[in-house]
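First up is the structure itself, then whatever we jot down about it.
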Amino acid sequence: MQKNIIYEDEVILAVYKPAGIATQTARLGQQDMVSELKNYLAKKPAYQGKKEPYLGVVHRLDQPVSGVLVFAKTKQAAAELSRQITSGKMHKYYYAVAYGRPDIQQGRLEDYLYKDAKTNLSLIAEEGFPNAQKAVLEYKLVKSLMVLEENAEPEEISLIEIKLITGRHHQIRVQMSHKGMPLLGDNKYGNDQSRSLSYEIKCRNVALCAYKLEFFHPVFKKKITFERLPEGEVFTPFFTKNFYDP
């Protein structure tokens, strides 16, 4: 777990969550970030002989999604970070690999999402639909590549940068799919083509990474940024030596 720690001080702990690990879970025997980090903290001299370390969860990432998370080590820091999320002062940026290429290279998506508790799926709904919440994100095409598979037609995939404006359940996955840009590795919201290609290239987790997080330190009030490039083979072709070459 220590290798995934990006930054730590007396009040916050920033980490990189690998895909496939839950942020927090109540399931016995299942690994999650909160339990691992509490175990890490409990071994430090400052916590020896004391009760279980405090670790405040202020935001989460879906289990199949990777990326940067910040946790609070005090209740005061947790309250301040939560306030920044509510007021829009914490900014979250993602990289996603989508099937195809967006028709418009840069845009803003605004939809209303309804979470179906029975299926744990979020659905696009009309404005005014009971319990539907407004969902907003901004996206920008970074680069598109062709996937060449033996005995198959070439297929295009795209690396897209996303700035999350609101934080709804499965928001990016739902909105991107609805816009015709389903994410690779997403069996819940993908289409037949994206699922088939994901299977062929062995993309087992959602190709989505929260690669950058910006906020103000809860004590020092200075703006800080944590950034980590995504791991996983599906992202690798986009971040090679010649990535920025025209």
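Things to note:
- For the range 8-30, filtered to residues that are more than 18 Å from the chain's Cα centre (by Cα) and not hydrophobic (A, V, I, L, M, F, W, C), the residue that is farthest from ALA96 (Cα to Cα) is GLU10.
- Residues of the range 150-165 that turn out to be assigned to a loop (DSSP other than H, G, I, E, B) and at pLDDT 95 or above, as a count: 1
- Scanning the range 177-192 for residues that are outside any loop (DSSP other than H, G, I, E, B) and in contact with a strand residue (DSSP E or B) (Cβ under 6 Å, 6 or more places away or on another chain) yields HIS178, LEU183.
- Condition met for VAL174 (aliphatic (A, V, I, L, M) and part of a helix (DSSP H, G or I)): yes
- Selected residue (criterion: nearest to VAL147 (Cα to Cα)) from residues of the range 187-234 that are hydrophobic (A, V, I, L, M, F, W, C) and under 14 Å from the mean Cα position of the chain (by Cα): ALA207
- Only listed residue being at pLDDT below 95 and not polar (S, T, N, Q), chosen from TYR211, TYR244: TYR244
- One residue from GLN63, GLN31 being in contact with a Gly (Cβ under 7 Å, 6 or more places away or on another chain) and over 25 Å from ALA79 (Cβ atoms): GLN63
- Scanning the range 47-96 for residues that are at pLDDT 95 or above, within 15 Å of VAL11 (Cβ to Cβ), hydroxyl-bearing (Ser, Thr, Tyr) and not in a helix (DSSP H, G or I) turns up just one, THR74.
- For the range 130-169, filtering for residues that are aliphatic (A, V, I, L, M), within 16 Å of ILE85 (Cα to Cα) and in contact with an Asp or Glu (Cβ under 7 Å, 6 or more places away or on another chain) leaves 3.
- Which listed residue is without any contact (Cβ under 8 Å) to a residue 60 or more places away in the chain and among the small types (Gly, Ala, Ser), from GLY128, GLY185: GLY128
- Residue count for the range 10-46 under the criterion of being surrounded by 15 or more Cβ atoms within 10 Å (Cβ to Cβ), without any contact (Cβ under 8 Å) to a residue 40 or more places away in the chain and more than 18 Å from ASP62 (Cα to Cα): the result is 3.
- Qualifying residue in the range 231-246 (condition: in contact with a helix residue (DSSP H, G or I) (Cβ under 8 Å, 6 or more places away or on another chain), buried (at least 16 other Cβ atoms within 10 Å of the Cβ) and not hydrophobic (A, V, I, L, M, F, W, C)): no
Every residue, every condition in (1) over 21 Å from the mean Cα position of the chain (by Cα); (2) of a type in the set (A, V, I, L, M, F, W, C); (3) closer than 19 Å to ILE124 by Cβ, yes or no:
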{"position": "VAL147", "(1), (2), (3)": "yes, yes, no"}
{"position": "GLU161", "(1), (2), (3)": "no, no, no"}
{"position": "GLY167", "(1), (2), (3)": "no, no, yes"}
{"position": "HIS170", "(1), (2), (3)": "no, no, yes"}
{"position": "ARG173", "(1), (2), (3)": "no, no, yes"}
{"position": "GLY185", "(1), (2), (3)": "no, no, no"}
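- Count of the range 181-204 residues, restricted to those that are at positive phi and modelled with pLDDT of 95 or more, is 1.
- Filtered residue count, the range 82-110, keeping only those that are surrounded by 13 or more Cβ atoms within 10 Å (Cβ to Cβ), more than 17 Å from the chain's Cα centre (by Cα) and of a type in the set (Lys, Arg): 3
- Selection status of TYR211, more than 18 Å from ILE21 (Cα to Cα) and not in a helix (DSSP H, G or I): no
The values are calculated or read from the model by the stated rules, or taken from the named source; none is laboratory data. A quick note: this is a predicted structure, and the numbers were derived from the prediction, not measured. FYI the Cβ positions are ideal-geometry reconstructions off the backbone, even for glycines, and counts take in every protein chain you see.
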